[in-house]
Every structure is written in C-alpha cells, then in structure tokens.
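Enquirer: Just passing along the structure, written as structure tokens.
The values are calculated or read from the model by the stated rules, or taken from the named source; none is laboratory data. Since the structure is predicted, the reported quantities are computational estimates derived from the model, not experimental observations. Here the Cβ is made from the backbone with ideal geometry for all residues, glycine too, and neighbour counts use every protein chain on show. To get the accessible areas, we keep the full protein, side chains included, count just its heavy atoms, and leave off ligands, DNA and RNA. Shrake-Rupley method; radii C 1.70, N 1.55, O 1.52, S 1.80 Å.
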Amino acid sequence: MSGDDSTANGGDGTSTFGGNYTNDEDGEAVSDKTGTEDETRKSEPDRLTALHDCETVNATVGANEVHLSMTRERCRELRGILYPHPEHPHAELGERGVIGIIMPSTGRNRTTFILRELVIPDPEFEVGDRGDDDPCDIYEEGTGFDKRFWFDTSYRSRATDKAAALESDRAGLVYFHTHGPGVGVEPSQPDIDGAERDYRLHCRHFHDDSPMLKAIVSASSGTIDRTDEEAYLPEADQLRWHVRSFRPDEPDEPVRAGAVRVVGPRIEKHPTDILPDGPAGAGGKPQYAAQNSTEQLWGEPGQQILAGLRVGLVGCGGVGSILSEHIARLGAGEMVVADFDNIEYGNLNRAQGATETDARLERSKAEVAGALAMKSATVDDFEVRVIEGSVIEEDPEDAVIPALLDCDIIVNAADNAWARTVLDDLSYAHLIPVITGGTILRMDDSETLSQSAKSEVMVTGPGHVCMECAYVYNQDDVSTAMRPPDVRGDAAYVRGGVDLNDQSRAPSVIGANATVAGMIEYRLKGLALGVTERVVGVQRHFPRTGLMEWGPTDECKDSCGRAESDHLGIGDAFDLPTGTDPDLAYHRES
C-alpha cells in the first residue's frame, strides 16, 4: 500500500505558516517571511497552533484531559461483573464492585488510563457483613442509603500483587463499584472518605507515579430485568460513569475523567458525569446549519459524536491534504496534522489547498493542511494542532507520538514501512485505531493502467488485523526505510535530495488520491458511527476495472503478538520501535 508521501511525516513546529503574522488593511494575515507575500491567508492563532515548547505531561500529574479506555471484550467482562447473571452469588447485592489493573497512555495533553485486566472477585466467597470470621472478597453493611460497600484486604492484596507482577512501575489500580438505579453516580461522602483512605494505602504499595482511579457506574436505563436470560446485561451506552484520577501532587483534588472509550472493531466514546464539550468528552457542538444534509443520514446524535472526536492525520501530501479538508468538513471536533516535509512545485498537481506561493516559499505541508482544515471546519471552536516532525523520531523536539496519543482515531497517509510498524504497535498498545490507506499506480506495455494498480484502505488496532499481517508491509520494507534516502535511492523525494540512481517520484494523480481519501473517510464513519456493515479487513479498489474487493485476511497470524495480552493495552509500558528518522535528518541537513 503506497500513500503519496514517502516520509514518516509528522513533530513540533516553531510557527504557524512558517513565519510571523500581521494583519493587512483587509484584516488578512500576511507572512513577513519574504516581505513580498502576494497571497493572503486567514490565521486564527488561538485555534491553529504549533507545538514547539509543549512538554509531555506526567501520567498522574498535570494532565489537561483524563480518559478511561478499554477493549470491547474487557468492557463486556466488566459489565458482566457489575451486572451479573441472576444466579450469580453477587446478583442480589445492592452494590457490586471489582478492582482492575490500569496502565497509563500519556499524551501531550491527555492521559488515558487503560483497563488492562480485571481481578475478579471470587464467587466461591459469599458476600458477608463486616466482622464476619469467614473470608469474603466483598462486604456490605447497613441498609438503604446507609449501606456501605467494602473490598476485603485480602482481595486488595491480590489485585496489588497482580499489578506488581507486570514488572512495570506504570501499573496502577482502578476500583469500580455500582450505584443503584435512581441514585446517580455522584460519589457519596463515604465514597469520598474511602477514596482518600485508599489512595494513602495505594501510595504505600506502589511507585509514587502509579495511578489510582475510583469509578462509579450506574445503569441509566433504570432497573435491570434480571429474569431475562439476555436482557440482564446492560449495554455500555446504558451505563452512566463517574471516574476520578488521584494525583500525588494534589491527593485531595482528584481529576475527573471526561470520557470512557471502548475500542474494538468500532470505537465508542461514552460521556461521564462532567460532560465536557468536544474531544475532552464524548460529544461536541456541530454547526447544524452546515450539516443539514449529513444529519439526514445519522441525525444530530451522530453529528455530535463526530464533533467529539480528535483525529490525528499523519502525512499531509496528496492523500493527507485532501483528508485535512474532508475530515474538517465532516465535522470532527479537533485535528492533529503532522508532516515534516515542505510544499514544492512538484506537489502542486495533487496537494489540495497548496498554491504556487506555498511552493515558492517552501511552506510546511502540515501548516498548509492545517490552514485548509481550519477554513473548512463545520464545528464551533474547532482546533487544529500543526506538528512538524516524524512518527519515527524519538528526539522530543521532533517526536509526533505524544500528540497522537491525545487522539481518538489516527489516519495514516504516509508511505513509510517504519512509520507503519510504529503505528501498528501503537494501535494495540494504546488502544487507538489507526486507519491507513494509499495508492499504487503503474502502466502496462499497452499504456493502460496495470492490473496491479490499486487503492487500498484498512484499520489496525484491537478487533482488527495488523498492517503487517495484512501484507501492507514486511520487515524487509522496514529495514529499507531505516536506511538513509541517498543510500536507498529515493533521495529526490526528500527536499534537497539528489537521486543518485536517477529515479523519479512514485507516480501519483489527484483522482487516485481522492479515491483512497474517500475510502478512508468511509472507514472513519464506520468506526465512529457504525454506518457501514464491515470495517475489518483490507478493502481494495482497482482503477483499471473499477472493481472494489475485500482482501482475504481479517485477523492476525498465530505468530503475531500484537493482539496478545503481553502487548495489548499496556500503554506507556510498551517500547515503541522509534529511533532517528533518516528522512527527517536528511531533510534538516538539506
């Protein structure tokens, strides 16, 4: 699968549009980079921002946003424990609970705590009253609204030991318990007092930065029908959530999570009780007048879901530039656009939004794409983060990964096998779906498009096949991508490079880029809104015949470990295969 960009684009920029901006007589923002700029652009610095001096937040200190995330399978397991089968020993409890092991996924502004494992209360131990001599994992005492719910010391110790066995100082615990129907999820005073006490205990047994969460869950649908074999288990969207994250710097002022993300073949964002607007929460504020025609398809709730997404875009060339406009017009709440390359005259046949002036001034592709998204947005308070750097790069000055970890979905339009293996690993370790797509165009001897010419799109992440198992790239491709561009023979694709083998750019045409961009957009809508029947697997379009086909592979090989427990949902504990990006280094030197 080939995109329009041969670099692993994306890191930190130093300015918006590559220069300082002042307003001309008509109120347009004009660059002072050359002093003779002949084309103006609108600049909204509060909403179109470059990331240069931003520091990655500590997982438990200073996060602007907090989310809880889990796989679809883990969510179903959690619901089954909190709302058990009518014959389960805990079914008749007024409140039920469970302790989980969490791993942080730390972005620039958002920390997501991933529910990695549940330590299931032993059903052989009946629930007892405080003071009973018989061992119990869970206790209840009192009646009615005075009833109190307790986790036994031995059960807590078992959960602590399981977390410690992960051999990661990043592991922590989350304590779930339910409130009864009609009670809501706001913590009671005993809940608050107990949480503070639990956190003091937590700090004795864990590393200082080890996270601890308290979560209250309530079924918003009212009383659950426990006589129905199937209906006793509420769906995730029938649950109300309250989640607090405790911090060592301010243990008495926990941070409330804004959303609960459930990731599988599709992605769901569920609101918590604080209901923040936009991607910090689970829904945003669309411009309904602008979205009248799309609302006819999925209604206001669907448009609010889109407005609650932060979408990362890696690669802002032929495919990526089209997507920067389309995703903004579709109604996404925020975007992160990443590319370290610059606009050249050779890009103007396919770089949407780019002008001859952009090529002459060698403006950043990310800046041009960010400006295009900003002008195209159909959401109130839409924001774009413009990043110049690389998905591959481990140097913090040029690293893109921290900003991508703030996203709900990542779209990859960069054609680089090393970048793809990084994003493959990220999608499973951090539970962030990655949509990737590209085109390969060839002509045969009869000057007709070759039968091998194609556009293809797929998703990688929990519930999906990884890119490597879908044969999008292989390890030989990764090894090649790790070599300097002047050695591997495609230096001309990097600005300032000289092609030692006299090879030209990969063939590209804007129509083919638009085709794959449209396929990516449909996959995004399928992931977020569930409007397409199928989202798993590789979908291919063959321009020679016009046929659209699905590939035969929709799950990883047995030998692939990405979807296995030692990789899935471990967040920051997974060492992504980043390094020094040779394309970025070549670009900087030239």
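Enquirer: Determine the distance separating the Cα centre of the range 509-586 from the Cα centre of the range 188-207; give it in Å without decimals.
Expert: First find each Cα centre; the distance between them is then 42 Å.
Enquirer: Continuing with this model, one more query. So how do 264-277, 326-339 stack up, highest first, on mean other-Cβ count within 10 Å?
Expert: Working: 264-277: 18.7, 326-339: 27.3.
Per-residue mean Cβ counts within 10 Å order the peptides as 326-339, 264-277.
Enquirer: Per-residue accessible area for L568 at 1.4 Å probe radius, Å² rounded to 10?
Expert: Number for this one is 40 Å².
Enquirer: Here is the link list: K162/K525; K214/K269; K269/K454; K365/K454; K365/K557. Which ones come out longer than 29 Å on Cα distance?
Expert: In this structure, K162/K525; K269/K454; K365/K557 lie more than 29 Å apart at Cα.
Enquirer: Something else about it: With viscosity set to 1.002 mPa s and temperature to 20 °C, compute the Stokes-Einstein D of the range 191-332, Rh being the Kirkwood radius across alpha carbon pairs; µm²/s, no decimals.
Expert: On the way: Rh = 18.2 Å.
Here the translational diffusion coefficient equals 118 µm²/s.
Enquirer: Which order do you get for S559, S446, S188 if you rank them by accessible area with a 1.4 Å probe, largest at the top? Intermediate values should be presented prior to the final figure.
Expert: Values: S559 110, S446 80, S188 45 Å².
Heavy-atom accessible area, descending, gives S559, S446, S188.
Enquirer: While we're looking at this one, here's another question. Could you please state, rounded to a whole Å, how far the C-alpha centre of the range 354-382 is from the C-alpha centre of the range 254-296?
Expert: With the range 354-382 and the range 254-296 each reduced to a Cα centre, they are spaced 25 Å.
Enquirer: Right, next: Roughly to the nearest percent, how much of the accessible area of the range 522-587 is carbon and sulfur, given a 1.4 Å probe? Walk me through the intermediate numbers first.
Expert: Values: 1540 of 3360 Å².
Answer for the range 522-587 is 46 percent, counting heavy atoms of protein chains only.
Enquirer: Which of the peptides 314-322, 449-457 is most tightly packed, and how do the rest follow, judged by the mean count of other Cβ atoms within 10 Å per residue?
Expert: On the way: 314-322: 31.7, 449-457: 19.2.
The densest-packed peptide leads the list: 314-322, 449-457.
Enquirer: Counting only the heavy atoms of the protein chains, how much of V472 is accessible to a 1.4 Å probe, in Å² to the nearest 10?
Expert: In the full protein context, V472 sits at about 10 Å².
Enquirer: Considering the dipole of the range 318-432 built from charges on the beta carbon (Lys and Arg +1, Asp and Glu -1) around the Cα centre, which of N349, A328, P402 is farthest to its positive end?
Expert: N349
Enquirer: Ok, one more. Each label point is 7 Å from the Cα along the Cα-to-Cβ direction; what then is the distance between the points at E186 and N64, in nm?
Expert: 2.9
Enquirer: Would you please give the FRET efficiency between D169 and Y471, computed as 1/(1 + (r/R0)^6) with r the Cβ-Cβ distance and R0 = 45 Å, to the nearest 0.05?
Expert: 0.75
Enquirer: At a 1.4 Å probe radius, which order do Y155, Y586, Y288 fall into by accessible area, largest first?
Expert: Numbers: Y155 0, Y586 45, Y288 80 Å².
These residues rank, largest area first, as Y288, Y586, Y155.
Enquirer: Let me ask another. Given labels modelled 7 Å from the Cα in the Cβ direction, how far is it in nm from E92 to Q287?
Expert: Simple spin-label model gives 5.9 nm for this pair.
Enquirer: Along Cα→Cβ, 7 Å out, is where each label goes; now give me the distance between the ones at R76 and R483 in nm to one decimal.
Expert: Once both label points are built, they end up 4.6 nm from each other.
Enquirer: Counting other Cβ atoms within 10 Å, keep those with at most 16, restrict to DSSP loop, and tell me which GluC sites (Glu not before Pro) in the range 547-590 are left. Numbers along the way, then the final one.
Expert: Details: sites: E549, E555, E564, E589; in loops: E555, E564.
Listed in order of number, the matching sites are E555, E564.
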